[in-house]
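Read-outs throughout are calculated quantities, based only on the coordinates presented, and are distinct from any laboratory measurement. Here the structure is a predicted model, which means the values were calculated and not measured. Quick reminder, even Gly has a Cβ in these numbers, built from the backbone with ideal geometry, and neighbours come from all protein chains shown.
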Amino acid sequence: MFKTAIASLAAAAAVAAPSAALAGPYVNVESNASWAGDDYTGATTDLHIGYEGELGAGSFYVQGGPAIVAADGVEADTRFSGKVGAGIPVSEAVGVYGELAFITADDEGLFGDNLALGGKLGVKYNF
């Protein structure tokens with residue numbers, strides 16, 4: 001029932017969400033699957049509600065919600081995940097961005113001992 005309610009909320013918010021060009025609230029549904037060679041190992045699907053806005057000359061976002069973790073051959077597990085990120089233009093053609101993400105471990109709650117963290121930093125060049 002929890003998964004159905006979240007999926008319904010995400011679908012309703014996606015229909016009512018403003019254009020991606022506008023700052024403010026949004027819904028982000030993202031699935032990340034993985035393979036080792038030709039062996040499928042699983043997928044994690046995030047059902048996030050977030051907010052994005054301007055930060056000086058740059059931009060930021062923060063989002064979170066349930067994450068459905070479906071490892072190959074194992075029953076799916078619902079956890080909580082989130083991301084926060086920012087981007088700053090360095091010039092008219094170059095921007096720098098970063099993101100910090102987390103997901104809870106199964107049966108550990110939001111701040112359990114096994115909170116998995118990830119990060120990314122990047123540079124984007126527009127032609």
* Asked: Val74 to Glu99: FRET efficiency via 1/(1 + (r/R0)^6), r the Cβ-Cβ distance, R0 30 Å, to the nearest 0.05?
  -> 0.65
* Where labels lie 7 Å past Cα in the beta-carbon direction, separation of Ile49 and Phe127 in nm -> 4.1
* **Relative packing of peptides 119-125, 28-34 - highest average C-beta neighbours within 10 Å first** => 28-34, 119-125
* **Extension gain from Glu30 to Ser91, taking 0.36 nm per residue of separation minus the Cα-Cα distance** => 19.0 nm
